[in-house]
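Q: Structure in structure tokens, see below.
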Amino acid sequence: MLKQIHDPAETVSDVVFRQIREDIISGVLPPGAKIKLEQAKERYSIGISSLREILSRLTTENLVVAEGQRGFEVSPASRRELLELADLRIVLETHAIGLAFAAGNLEWEGRIVAAHHRLAAAERKLLAGDVSRTVDWVRYDWEFHQAIVSACNSATLMATLSSVFDRFLRYHMLAESFRGKPVVDDHRLLFELSIQRDVAGATEVVRRHVHSGVEHVLKSGRIL
């Protein structure tokens, strides 16, 4: 996810991998952009061979496309992929919700309360017109959704959902606008349903939340 806390055990390659990944998701490296190795080498302060390995790793997440002898480019954005990611996110997140609601304890509830508190504070700022909080909102949005499913007891499910969430987020970053009160209301309701452990209700909110996000991105006109 964007703006992860630096792990002291990370290698230089790990750090650069995360930086390039964040630049792709945030739109700093836009869809379809050619990744020129010499320029990227200077920008990220890493050798060519390590850079090639990093870009190859990013192809496994469908964030980068290898062009054979021509090098690499950022994966293009398409309506089809957006819809596929939305469907996959719904399947993964709602499954994780069912598992988490069955296994969650008091500490799990506390994580949800704390995550929603941070998210709601950032959303109040955004609703008031303070766009400087957008980066905070992006991070807190993921932390809130992650907290809800954090008791699912499946590291593989969490990792897969995180990857899909980030790829879905890339499309929202392209739209360059906050969805406003409807998304705030969704988060508040999802928070309440999570504390109540209402699987059916939370599942329905997630479906609506994701579908409305797709509509928002498509209406922006940034996706062909």
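Only the coordinates and a few stated rules stand behind these numbers; no lab work does. Just so you know, these numbers come straight off a predicted model, no measurement behind them. Glycine also receives a Cβ, built like all others from the backbone with ideal geometry; neighbour counts cover every protein chain displayed.
Q: What are the residues whose amide H is under 5 Å from the amide H of residue 72, where those residues sit 5 or more places off or on another chain and H is modelled from the backbone?
A: Amide H neighbours of residue 72: 35, 67.
Q: Which of the GluC sites (Glu not before Pro) found in the stretch 11-74 are in a DSSP loop and have at most 13 neighbouring Cβ atoms, other than their own, within 10 Å?
A: 67
Q: Counting alpha carbon pairs within less than 8 Å and at least 6 residues apart, what relative contact order, in whole percent, applies to the chain?
A: 25
Q: Which value does Rg/Rh take for the stretch 12-74 over its C-alpha atoms, Rh per Kirkwood?
A: 0.90
Q: Among the GluC sites (Glu not before Pro) in the stretch 148-224, which ones are in a DSSP loop with at most 13 other Cβ atoms within 10 Å of the Cβ? Mind listing them?
A: When the GluC sites (Glu not before Pro) of the stretch 148-224 are filtered for loop state and at most 13 Cβ neighbours within 10 Å, 176 remain.
Q: What shape does the stretch 131-224 take by its C-alpha gyration tensor, where a ≥ b ≥ c are the square roots of the eigenvalues and a/c under 1.5 counts as rounded, a/b above b/c as prolate, and the rest as oblate?
A: Prolate shape, in that a/c is at least 1.5 and a/b is the bigger ratio.
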